[in-house]
Each structure stands twice: as structure tokens, then as C-alpha cells.
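The values are calculated or read from the model by the stated rules, or taken from the named source; none is laboratory data. Remember, it's a predicted structure, so these values are computed and weren't measured experimentally. Neighbour counts are summed over all protein chains in view; Cβ atoms, including those assigned to glycine, are modelled from backbone coordinates with ideal geometry. Calculation scope for accessible area: heavy atoms of the full protein, side chains included, ligands and nucleic acids excluded. Shrake-Rupley method; radii C 1.70, N 1.55, O 1.52, S 1.80 Å.
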Amino acid sequence: QARSLAAAWSQQLSAAMCKDTTRPCLLVVLPGAEGRRIVLQRLQHFARICVLVPSADLQRSSWARDIVGDDSWIEWEGSGSSAEDAWQALQAWLQRSPGSAVNGVMTYDEFGVELASFLGERLGVSSTPLEHVRCFRDKSLFRERCRTAGVPCVGFAGAQIRTPEDVDRVLASDVPRIRFPCVLKPVKGAGSWHVMKIHHRDELRETFVRLYEEMRGGAFPQDVRDGGFVLEEYFGGHEVDIDGWACNGEVGFSLVSDNRPALEPHFLEMGGIYPSQLPIAAVNALELLTKQVVAAFPGMHSCFHFEAKVNPETFEVMPIELNARCGGAECPASVEAVSGYYLPEVAARLALGLDVLPRSPKYGAVASTNIHIFEAGVVTECSDSELDAAACNLVTCVLTGCVGQPHVPNSGSLSCLGWLAAGGADAADAERHLQEALSQVRIAVSPQDDKAV
């Protein structure tokens, strides 16, 4: 009963905040899964939040309606790629809401970045130009822009690969000649879905057919499936994330963090260390690369999650991809813990033209891990009820597995059963707390022989 009363009070408070016209109105495009609940609640502290949701995403995003209220819920028939339909739905909502105006647009969902930029341009509010966002999301266009701007760029097949005949044309082409090993990945995509390291020509032919069928029958939006694949040369080195923001084309802040080695050949992400423990010369080279890439896209105005690699001996650097949004999973909480900046809030403030407010960091370092089990089966246990958050310096813990849920390993972020992050005075202290937290989490998958793993 107490929980029911608390939930009712929370809904009443949210409804009152949604009707408050004294605060700027922020349109959040694609609120996503319920794990983002805390994001919307924090944004409501300084903005009136309305959300825009396509019918194709209702099941995943329905939780957000309780947060923002019926008056600030905008829905349309279609998918996230039907931009004109979304615009018409937004216009209809504005007409039904006298005195309402949208002061800014943001998203933290990769599949919402193009739509958010499209709406930002239509509304005339601050946003990254749509042309740039389309380049960020298309790996071939992104590499072409980097190459033109003189930014380091791996060799890649310029033509998109959609059929086995395209594979043959790429292998027969001398301009440019692709050197193996390579990486085959969707032109558009996220979460390491349908990505594979390729060692030779025959493997490319075999792997393309399998990945193409998997992606065609998978959960990606139609525009991602239609985009096909890109083939690029593999660059060895230490992989990092650079999280921060750009304001009117200038990098305002960036934090380099180390990735644990991705599990090849599927490139599964395994967590990392915030901030980077690399030599200062390597960090400086990565920060310079970030500025060079942002400069290649004048007017960028958003948070970013930039993935890159660095050779730890020569400090040669190479961009992988630039996302015009905050990083997902443990990233926002981890960046905040070591820098004081909560990037979803920063993204909202940039969209609304508000000052970014610095806060004090809580820890000197954060260690994180993604939880994977590499046997197929059914989830039989997934619980953090025994986790002592205070003793472990817990930064965040999100478990995505559900008891009874089928588990298929090596499927990018879809096969991740959750993530953990813990803080400490330094990287070693943070890692010790992380291992302590991980030992208190109970996750099991029962394979076909019914033995838990």
C-alpha cells in the first residue's frame, strides 16, 4: 500500500511539473526502455518534458507516459524513420496546447538522432545539422568526410554491400584494395550487432550471407536493414571511448576512458576504466583527434560518444565512429562519477541554450563491466538483491535479463545481461570494488542439459 501511495504521489508530481509553463519545454525523441526512467526524472528538475513516440516503439516506451503525463505524450503511427509523420504529430500537439512551444529537442537513443535533428531544424532550435547526423550514422560517409578533412582513416570499401554480387565486386576492385584482416559491419547500426572480424576472402563471402540473413530478420529499424554493410580494414590497438560535448562546433569537454579488450570476432563490449590509464601522450593524441573530427562537422551541437583506437607504442590514432548522443549503459553514471558532468543533463541544457553547470566528482576512478554468459539457454536467475551498494562504492547496476528469457550469446548488446560500475580512489581501488560487487550478483543461464552456468 505504501508503494502504491508513493507511485500515485510521484505521478501527481510529474503531472504538475508537466503543466508548469515557467520552465523551458524539452522534447525528448524516443524515450526508450524503462532503464531510462531516472534520466527523464532528472531532466524534469529544470525543464518541462514532453516525449515523442512512434507506434512501433510503444511497447518499449510506454513507461514514459506515467513520467510526463498524458498532456505531454505525443504519439504517431509509424516508425522512427517516418520523419514527416512525426512532424505532423508534433504540429497537431502544439495546436492542441495553446501557449506551448518547444524550446529544445534531444534524444539519447541512436535510432532517434536523425529524427531529433530533423525536428530541431524544422523548429529552428539549436541542434546538430541533419546532414552531419546522417554522416555520423553512415560509416562510409563518415570515413569519406574524415579522409577529406585530413583526419586519419582506415582503408574501406566505398561501395555499400547489400548482395553477394556486391561482395564479389569489392574483392575484384583495385580502388581501393582492401587488406585483410577486415571488419564487416552494418553501414548504420549500434551495440556491435551483426559485426564480425574477417580474415580472408572466402570467409567474407560466407560471413556476409549469414550476417545479412540475421540482420534482415532482426530487430533493427528498416533503414538500418536497407543500408547494408561496409567492409573496412582492421586497425590493431587499444580501444577507447571519448565522451563529452560540442557547443556550436567547439569541443566543450571530453573524457577519454579505456575499454577492456572487446571479445573478437564479434567485438563484444566488456566494460572499461574511467578515466583512461594510458600514458598522457596517448590521451593527448586522442583528445586532439576528437577536436579534429568535430571540426570536420561545423556546427555540431550535442553530446557525443566517440569511439577510437590508439597504438600504445606509436600513439597513432584512428577514429571508429562518432555518435551524436550520450553513451549508453554505464557510461552516463560513470562519467558523472569521475567528472561531475551528467551527460544527459548536459545534452538537455545544450538543446535548451542553458549553461552547463559543473559539479564535483565523487571518485578518482570507476571500473565497469558488461555481463555476458557464453552458453545459449534460458535465464534462470538474474538478481542484485544481495548487492551491498555502499560497501562496493556502487556507481550503477542494471540487469537486463529476465527469468524465463531465452539467451543467445554473441549477439552484441542484445546478449548482454547487464552492467555494473563501481568507484574508488584510483583504478585499482575501483576494480577491487567492482569485483566485490560482481561476486554479489546472481545471474544464471540453464542450457539444454538444464545445468545452470
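Summary of values
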item	result
Those residues of segment 383-416 which are in a strand (DSSP E or B), closer than 22 Å to LEU268 by Cα and out of contact with any helix residue (DSSP H, G or I) (no Cβ under 9 Å at 6 or more places or on another chain), in sequence order	LEU399, PRO406
Only listed residue being in contact (Cβ under 8 Å) with a residue 40 or more places away in the chain, in contact with an Asp or Glu (Cβ under 6 Å, 6 or more places away or on another chain) and β-branched (Val, Ile, Thr), chosen from VAL335, VAL378	VAL335
Where VAL356 falls short, out of the listed (1) assigned to a loop (DSSP other than H, G, I, E, B); (2) under 22 Å from ALA425 (Cα atoms); (3) in contact with a strand residue (DSSP E or B) (Cβ under 9 Å, 6 or more places away or on another chain)	(2)
Among (1) surrounded by fewer than 15 Cβ atoms within 10 Å (Cβ to Cβ); (2) under 20 Å from the mean Cα position of the chain (by Cα); (3) in contact (Cβ under 8 Å) with a residue 40 or more places away in the chain, the one test that GLY244 misses	(1)
Residue list for segment 47-62, restricted to those being outside any helix (DSSP H, G or I), open to solvent by less than 20 Å² (accessible area, probe 1.4 Å) and free of Cβ contacts under 8 Å to residues at least 60 places away in the same chain	ILE49, CYS50, VAL51, VAL53, PRO54
Candidates ARG179, ARG147, ARG96, ARG143, filtered to the one that is without any contact (Cβ under 8 Å) to a residue 24 or more places away in the chain, farther than 30 Å from ALA33 by Cα and of a type in the set (Lys, Arg)	ARG147
Of all residues in segment 408-453 being at pLDDT 95 or above and among the polar types (S, T, N, Q), the one that is least open to solvent (accessible area, probe 1.4 Å)	GLN440
Criterion: among the polar types (S, T, N, Q) and in a strand (DSSP E or B) - qualifying residue of THR380, THR314	THR380
Test set (1) touching a residue at least 24 places away in the same chain (Cβ under 8 Å); (2) closer than 30 Å to LEU354 by Cα - PRO186 fails condition number	(2)
Exclusive hit being in contact with a Ser or Thr (Cβ under 9 Å, 6 or more places away or on another chain), of a type in the set (D, E, K, R) and within 21 Å of VAL294 (Cα to Cα), set ARG359, ARG325	ARG325
Single unsatisfied condition, ALA348 versus (1) part of a loop (DSSP other than H, G, I, E, B); (2) more than 18 Å from SER257 (Cα to Cα)	(1)
Residue within segment 24-46 that is without any contact (Cβ under 8 Å) to a residue 12 or more places away in the chain, aliphatic (A, V, I, L, M) and surrounded by fewer than 17 Cβ atoms within 10 Å (Cβ to Cβ) present	yes
